[in-house]
Amino acid sequence: MFDAEGHRYLDAMAGLFCVNVGYGRREIVDAVTAQMAQLAYYPLTQSHGPAAKLAARLAGLLPEGIGRVFFSNSGSEAVETALKMARQCARRMHPGQNRYKVIARHRGYHGFTMGALSATGQTPRRQGFEPLVPGFLHVAPPDHYRCSWCSAEPGCTLACADEIERVIRMEGPETVAAVIAEPVIGGGGIFPAPEGYLERLRAICDRHGVLLIIDEVITGFGRTGKLFGFEHAGIRPDILTFAKGLTSAYLPLGATVATSRVFEAFQGDDGDAKFAQVSTFGGHPSSCAAGLANLEILTRERLWENSARTGGYLIERLRALQSRWIGEIRGCGLLIGLEIVTDAKKTPLPEAEMVRLQREIREAGVLVGRNNDSLPGFCNVLILSPPLTLTRDQADEIVAAIRTVLARLS
Ligand SMILES: Cc1ncc(COP(=O)(O)O)c(C=O)c1O
């Protein structure tokens, strides 16, 4: 990236966790140009070629039986759609019950629209807009570094996952529609699901007839070192949400993908599945053309493999920094967080200092992110989420900039 004065930066955030295939991909531009010339627009109340092709392409990348796609324009809309789908589906699957509650985690982020914001577990983002949508409950995230159950243990005991079952039981399973979770909490401070966590969530949901929504808006399309974040656990979600890396942000596009079982719950006697929701721009032909060209690049270059490889190298180099300011380094593929603390008691670096840190790293030529508005007093995580094309030399460049700036902190 170059700013208005011509300074060069390495974008270690891929914009906002989204330019997965990297900038300057002429192939995507050409595909979009050709699409606009051929068919500028047609609504998905009917259908059109690019949407049908992209839905099929997406389904082909997912496990068998997870491939019913509803297109929208953004991650927030994809989540909003998933929540609406889950509520309707749960009522249809359990006639006579009123399942509407959704359980989410503190620190999780799911979007800015009222439903998605209600699922979001970041108080500062919610406060100014409350009261939000009724029926959303939040539990502790898997944060082993600061966990009140198990941070004294060597590893996560999954007590945080079991808490979800306790909440379902206390609320009454017949009132709970869904659990929503990111495989790695992203904007909230980078918390990868610990080993066994998503499997435990899946088992809990199955036990109580609750749908599992996996929000892959950040983790989808190679970010975590696998094509999709849920693949680390080998579970089958009921509903998936995508945006960002679906087009690598060359154009806006969101997608909500459901299993055949969810789809069938909407089927009437005539065999038609009616999920009553219309979006004028959702699944726009140009966005779908961008999505198709993007997935072609992503799969041709197998960028999730570089994400795992170079992400592993980057995290190793960051760990070698051994700065007293770094409390914990967490991550998965090219999605990494550095929790910055001032002492051995894990006191978070104050936000004003974090802003300064981020600015100084930028002045050293690297654009990094940080969590903000996620938990009062804990906006102390530096975030790295570079394009999946990152080279080792570029990883070294990121580490060097962070090292220089941390060394200056006193
Ligand atoms: C996990 C997750 N879900 C949903 C969203 C909302 O996506 P959008 O900003 O495209 O509306 C985001 C945005 O960062 C996200 O990180």
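I need the trypsin sites (Lys or Arg not before Pro) found in the range 277-346, filtered to DSSP loop residues with at most 15 other beta carbons within 10 Å of theirs. Counting only loop positions with at most 15 other Cβ atoms within 10 Å, the trypsin sites (Lys or Arg not before Pro) in the range 277-346 are 302, 324, 345, 346. This model, with +1 at the C-beta of Lys and Arg and -1 at the C-beta of Asp and Glu, gives the chain a dipole about its Cα centre of some 240 debye. Compared with the direct C-alpha span, the chain from residue 347 to residue 231 gains 38.3 nm at full extension, assuming 0.36 nm per residue. Highest mean packing comes first when the peptides 287-294, 102-109 are listed by Cβ atoms within 10 Å, giving 287-294, 102-109.
To the nearest 0.05, how large is the calculated FRET efficiency for residue 392 and residue 269 if R₀ is 60 Å and r is the Cβ-Cβ distance?
About 0.55, to the nearest 0.05.
The packing ranking of peptides 270-283, 251-264, highest mean first, is 251-264, 270-283, where packing means the average number of other beta carbon atoms within 10 angstrom of each residue. Annotation: peptides 398-407, 41-50, 148-157, ranked by per-residue average of other Cβ atoms within 10 Å with the highest first, follow the order 398-407, 41-50, 148-157. Each part reduced to its alpha carbon centroid, the range 218-234 and the range 284-331 end up 10 Å apart.
Extension gain for the segment residue 300 to residue 400, taken as residue separation times 0.36 nm less the Cα-Cα distance, is 32.9 nm to one decimal. Residues of the range 344-381 falling in the label zone of residue 1, defined by backbone nitrogen less than 16 Å from a point 7 Å along Cα to beta-carbon, are 355-372. Charge tally around residue 243: other residues with Cβ under 10 Å, Lys/Arg +1 each, Asp/Glu -1 each, net -2. Once label points are set 7 Å from the Cα along Cα→Cβ at both residue 363 and residue 276, what is their separation, rounded to one decimal in nm? Distance between label points: 5.8 nm. Each residue in 23, 250, 197 was given a count of other beta-carbon atoms within 10 angstrom of its own, and listing them fewest first yields 23, 197, 250. Taking the DSSP bridge list for the chain and keeping only pairs wholly inside it, about 60 percent are antiparallel.
Considering only alpha-carbon pairs that sit under 8 angstrom and 6 or more positions apart, the relative contact order computed for the range 290-410 is 27 percent. Rounded to the nearest 20 debye, the dipole size of the range 39-132 about its Cα centre is 280 debye, using +1 on the Cβ of Lys and Arg and -1 on the Cβ of Asp and Glu. Report, ordered by chain and residue number, the lysines lying within cross-link reach of residue 101, taken as a straight Cα distance under 16 Å and ignoring same-chain residues fewer than 8 apart. In chain and number order, the partners are 84. Taking the Cβ of residue 210 as the center, what net charge do the other residues with Cβ under 11 Å away carry, scoring Lys and Arg +1 and Asp and Glu -1? Around residue 210, the charge tally is -1. Going from the fewest other Cβ atoms within 10 Å to the most, the residues 284, 7 appear in the order 7, 284. For residue 122, neighbours were defined as the other residues whose beta-carbon sits under 10 Å from its Cβ, and their charges (Lys and Arg +1, Asp and Glu -1) total +2.
From least to most packed, judged by other beta carbons within 10 angstrom and beginning with the fewest, 138, 94 follow the order 94, 138.
Tell me, how many Å apart are the Cα centres for the range 334-350 and for the range 72-128? Their Cα centres are 30 Å away from one another.
When you work out D = kT/(6 pi eta Rh) for the range 70-135 at 25 °C and 0.890 mPa s, using the Kirkwood radius from C-alpha pairs as Rh and the Stokes-Einstein form, the result is 196 µm²/s. What the Cα atoms of the chain give is an Rg and a Dmax of 21.1, 70 Å. What percent does the relative contact order of the chain come to when contacts are Cα pairs within less than 8 Å and at least six residues apart? 24 percent. Our helix-only sum for the chain, with -39,500 (n - 2.57) per DSSP H run of n ≥ 4 divided by its residues, gives a mean residue ellipticity at 222 nm of -11500 deg cm²/dmol.
Charge dipole of the range 319-401 (Cα centre as origin; +1 on each Lys and Arg Cβ, -1 on each Asp and Glu Cβ, all else neutral): 180 debye, rounded to the nearest 20.
Each value in this text was obtained by applying a stated rule to the coordinates, not by laboratory testing. Since the model is a prediction, treat every value here as computed from it, not as a measurement. Every residue, glycine as well, gets a Cβ built from its backbone with ideal geometry; the counts of neighbours run over all protein chains shown.
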